[in-house]
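Only one structure is covered here, and it is reproduced in the block below.
The values are calculated or read from the model by the stated rules, or taken from the named source; none is laboratory data. Computed from a prediction, not measured in an experiment: that's the story for all the values here. Positions of Cβ are generated from backbone atoms using ideal geometry, with glycine treated the same way; all protein chains shown enter the neighbour counts. Calculation scope for accessible area: heavy atoms of the full protein, side chains included, ligands and nucleic acids excluded. Shrake-Rupley method; radii C 1.70, N 1.55, O 1.52, S 1.80 Å.
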Amino acid sequence: MTETKALKYAYYSGCVAKGACKELHASTTAIAQALGIELVELTKATCCGSGTFKETDELMEDVVNARNISLAEELNLNVMTQCSTCQGVLGRVNDKLKSSDSSRKDEVNALLNTQGHHFQGSTEVLHLLWILIRDYGLENIAAKVTRSLANLKCAAFYGCYLLRSQTVTRFDDPFKPESLENIFRTVGATPIYYDGRVQCCGWPISSYAPKESFSMAGRHLTDAIAAGADCIVTPCPLCHLNLDSRQPEVEKVIGQKLGIPILHLPQLIGLAIGIDPKVLGLDRHIVSTSSVLQKLAL
């Protein structure tokens, strides 16, 4: 085990972790405390727009997210998010304004300055997954493991935005990533590989093309099950919504019973380091996580 420096981040919780997936916020803060990672929540931050703002007004997306980033810069901290989509949007804007010509950055700051903020380009936007691997370290996570996950076969579901939204700053191969699988190995679980792990869950089209959305989700879920997965682990709450909360609807569309549990990344980490499943919110899921807990003799 290597000595870890004190880690402190500006915590951008995002909308879904405080709403439809409250267990994500609870499990994130629980593992941060257990691992000794200090989080300063950006309570004045706003929704990143989940990629929809730029469809009608790219400047609005830039200004809204430059403001979110500037809140962290004012604290001299890097941003931490636990949402693949938030990572993609915030990270893309951060990369864009850091590398763009000065006129775009000046245009954004002219609007931010009216509210007392200023984008400097002095901070990073980091998903919890990247923080655990790059800043905390897999060796240090392994040293914290108190509960064996050796009986658990985990399939990753990365989410599009985490892998491919940013073209300047990238932390893993956008088509052949290994970050989640390396986490699984570190906590003793067995990684399961299948094609859908790097594809879209279907959430972005679920509001206007639900049949197509649920067919996409169903394909990924059935492929993971066929590959032998006991559960799917995702770093994106929007993916979690389509794969977990909409799984009963997915079953109706594809005409097949599924019942595979979908875990948030910090829930898996929390189980491995001995945190109570109820504290992690594992009783809040639509698809029961009881089969996972039984595998772990909990």
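Points worth noting:
- Which numbered condition Asn113 fails, given (1) under 17 Å from the mean Cα position of the chain (by Cα); (2) more than 24 Å from Lys295 (Cβ to Cβ); (3) not hydrophobic (A, V, I, L, M, F, W, C): (1)
- Annotation note: Cβ proximity below 8 Å between a residue of region 260-280 that is open to solvent by 10 Å² or more (accessible area, probe 1.4 Å) and a residue that is β-branched (Val, Ile, Thr) and in a loop (DSSP other than H, G, I, E, B) (sequence gap 6+ or interchain) occurs for Ile273/Val145; Ile273/Thr146; Gly274/Thr146; Pro277/Thr289.
- Residues in region 246-260 that are basic (Lys, Arg) and either outside any loop (DSSP other than H, G, I, E, B) or touching a strand residue (DSSP E or B) at 6+ places or on another chain (Cβ under 6 Å) (or both): Lys252 only.
- Looking across region 204-215, just one residue is touching a helix residue (DSSP H, G or I) at 6+ places or on another chain (Cβ under 8 Å), without any contact (Cβ under 8 Å) to a residue 24 or more places away in the chain and open to solvent by 70 Å² or more (accessible area, probe 1.4 Å), and that is Glu212.
- Number of the condition not met by Asn242 [criteria: (1) buried (at least 21 other Cβ atoms within 10 Å of the Cβ); (2) out of contact with any helix residue (DSSP H, G or I) (no Cβ under 9 Å at 6 or more places or on another chain)]: (2)
- Being of a type in the set (A, V, I, L, M, F, W, C) and in a helix (DSSP H, G or I) is true of Leu243.
- Subset of region 145-175 that is open to solvent by less than 70 Å² (accessible area, probe 1.4 Å) and of a type in the set (Phe, Trp, Tyr) - its residue that is farthest from His240 (Cα to Cα): Phe171
- Whenever a residue of region 83-110 is within 12 Å of Ile69 (Cα to Cα), its partners that are polar (S, T, N, Q) and crowded, with 24+ Cβ neighbours inside 10 Å, lying with C-beta atoms within less than 8 angstrom and at least six residues away or across chains, give the pairs Gln87/Thr81; Val89/Asn65; Leu90/Asn65; Leu90/Asn68; Leu90/Thr81; Val93/Asn65; Asn94/Asn65.
Per-residue answers, yes or no, for (1) touching a residue at least 12 places away in the same chain (Cβ under 8 Å); (2) within 23 Å of the chain's Cα centre (by Cα); (3) under 24 Å from Cys83 (Cα atoms):
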residue	(1), (2), (3)
Ala217	yes, yes, yes
Ala224	yes, yes, yes
Asp230	yes, yes, yes
Ile254	yes, no, no
Lys257	no, no, no
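- Residue that is farthest from the chain's Cα centre (by Cα) [pool: residues in region 178-198 that are open to solvent by 30 Å² or more (accessible area, probe 1.4 Å), of a type outside the set (Val, Ile, Thr) and at pLDDT 95 or above]: Gly188
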